[in-house]
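Below: one structure, written as structure tokens.
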Amino acid sequence: MGPLSMAGGKREVLHWLDLLQQVYAANRAWLTELDSAIGDADHGINMDRGFIAVQAELAAHPPADIRSALQAAAATLIRHVGGAAGPLYGTFFLRAAAACAGKPELEAGDVVALFQAGTQGVCERGKAAAGDKTMLDALLPALEAMRQALAEGTGSVEILDRAAAAAEAGMRATIPIQARKGRASYLGPRSIGHQDPGATSAFLMLRAAAEAWRA
Ligand SMILES: Nc1ncnc2c1ncn2[C@@H]1O[C@H](COP(=O)(O)OP(=O)(O)OP(=O)(O)O)[C@@H](O)[C@H]1O
Ligand SMILES: [Mg+2]
């Protein structure tokens, strides 16, 4: 790839992970407040702690390539986040890492493949479906929007912008539904009327990706 290549790569992925630390720090209170309504009031704390640890890990051991960066994020999240979100986001990044194996740059299709693999991992690990009021209610519509944008021939930034918009709509759509997975499901119908914290952190993740690829 020459200097005029439109493909992003390691720089974008590292920027994304760095932004995630900033974004979860800035939204720690909001995520925790959402989780206090239908969970155990730790989601913002968990995500903030996790991505601080990811930054520390990347600084201590600069990754050689995209796969190693995402792998380091996965291992760190699994070790430091705990709860439901730790293993789920850990799996997301582990599968995303595998999807980037051997790729020095990410073309638009590779960016979609990264999110497809990650989302698939969350589906398999959490065994939740669309409409269960989980992070998948943001991730699955985002993936669908990405696939559509890719099919229309748009570039990575536009793909991620559309994914973030779809994730935001999916996040809001968790408000009127009843949780069928995770801690919130113990509340039964009392989970209705509250936005899912995990769908919110997933929207923030997508929006940060759009920002990382834009910059
Ligand atoms: N089976 C699942 N599949 C996908 N996402 C899930 C699942 N269970 C929970 N989640 C997501 O995880 C979020 C909660 O994450 P959090 O970090 O607060 O873990 P937790 O529920 O407190 O975990 P634990 O119950 O193990 O303490 C939920 O808002 C939901 O989006
Ligand atoms: Mg919680």
Exercise. Only one residue in LEU187, LEU160 is in contact with a helix residue (DSSP H, G or I) (Cβ under 8 Å, 6 or more places away or on another chain) and more than 15 Å from ligand 1 (Cβ to nearest atom), so which one is that?
Worked result: LEU160
Seminar exercise, completed: Log entry, pairs with first residue in the stretch 102-126 being modelled with pLDDT of 95 or more, second being aromatic (Phe, Trp, Tyr), beta carbons closer than 6 Å, six or more apart or on different chains, reads GLY118/PHE92; GLY121/PHE92; VAL122/PHE92
Seminar exercise, completed: Restricted to the stretch 126-169 and to residues being of a type in the set (Asp, Glu) and either closer than 12 Å to ARG207 by Cα or within 16 Å of ligand 2 (Cβ to nearest atom) (or both), the residue nearest to the chain's Cα centre (by Cα) is GLU168
Problem set entry | Flag for ASP132 being assigned to a loop (DSSP other than H, G, I, E, B), surrounded by 17 or more Cβ atoms within 10 Å (Cβ to Cβ), on the phi < 0 side of the Ramachandran plot and out of contact with any helix residue (DSSP H, G or I) (no Cβ under 6 Å at 6 or more places or on another chain) | yes
Seminar exercise, completed: Checked the stretch 31-79 for anything within 13 Å of ligand 2 (Cβ to nearest atom) and part of a loop (DSSP other than H, G, I, E, B); matches are GLY39, ASP40, ALA41, ASP42
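Residue-by-condition table, conditions (1) out of contact with any strand residue (DSSP E or B) (no Cβ under 7 Å at 6 or more places or on another chain); (2) closer than 21 Å to GLY118 by Cα:
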{"site": "SER36", "(1), (2)": "yes, no"}
{"site": "ASP40", "(1), (2)": "yes, no"}
{"site": "ILE45", "(1), (2)": "yes, no"}
{"site": "ASP48", "(1), (2)": "yes, yes"}
{"site": "ILE78", "(1), (2)": "yes, yes"}
{"site": "ALA85", "(1), (2)": "yes, yes"}
{"site": "ALA101", "(1), (2)": "yes, yes"}
{"site": "PRO104", "(1), (2)": "no, yes"}
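Could you check the stretch 53-78 and list, in sequence order, the residues that are acidic (Asp, Glu) and under 18 Å from GLY9 (Cα atoms)? Steps first, answer last, please.
The initial filter retains those residues of the stretch 53-78 that are acidic (Asp, Glu), namely 57, 65.
Within the stretch 53-78, just ASP65 meets the criteria.
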Seminar exercise, completed: Screening LEU150, LEU143, LEU114 for residues that are touching a Phe, Trp or Tyr at 6+ places or on another chain (Cβ under 7 Å) and assigned to a helix (DSSP H, G or I) leaves only LEU143
For this session: Please enumerate the residues belonging to the stretch 165-184 that are in a helix (DSSP H, G or I), within 9 Å of ligand 1 (Cβ to nearest atom) and either among the β-branched types (Val, Ile, Thr) or out of contact with any Ser or Thr (no Cβ under 7 Å at 6 or more places or on another chain) (or both).
Result: ARG183
Exercise. Across the stretch 117-129, what is the number of residues that are near ligand 1 (Cβ under 9 Å from one of its atoms), in contact with a Lys or Arg (Cβ under 8 Å, 6 or more places away or on another chain) and part of a helix (DSSP H, G or I)?
Worked result: 1
For this session: Can you confirm whether the stretch 49-58 contains a residue that is more than 21 Å from LEU160 (Cβ to Cβ), touching a helix residue (DSSP H, G or I) at 6+ places or on another chain (Cβ under 6 Å) and surrounded by 23 or more Cβ atoms within 10 Å (Cβ to Cβ)?
Result: yes
Exercise. How many of the residues making up the stretch 77-98 are away from ligand 1 (no atom under 15 Å from the Cβ) and surrounded by 23 or more Cβ atoms within 10 Å (Cβ to Cβ)?
Worked result: 2
Exercise. Residues in the stretch 179-189 that are free of Cβ contacts under 8 Å to residues at least 60 places away in the same chain and either crowded, with 17+ Cβ neighbours inside 10 Å or farther than 13 Å from ALA128 by Cβ (or both): how many?
Worked result: 4
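The values are calculated or read from the model by the stated rules, or taken from the named source; none is laboratory data. Keep in mind the model is a prediction, meaning the values are calculated, not measured. When we count neighbours, we look across all protein chains shown, and the Cβ atoms used for this are built from the backbone with ideal geometry, even at glycine.
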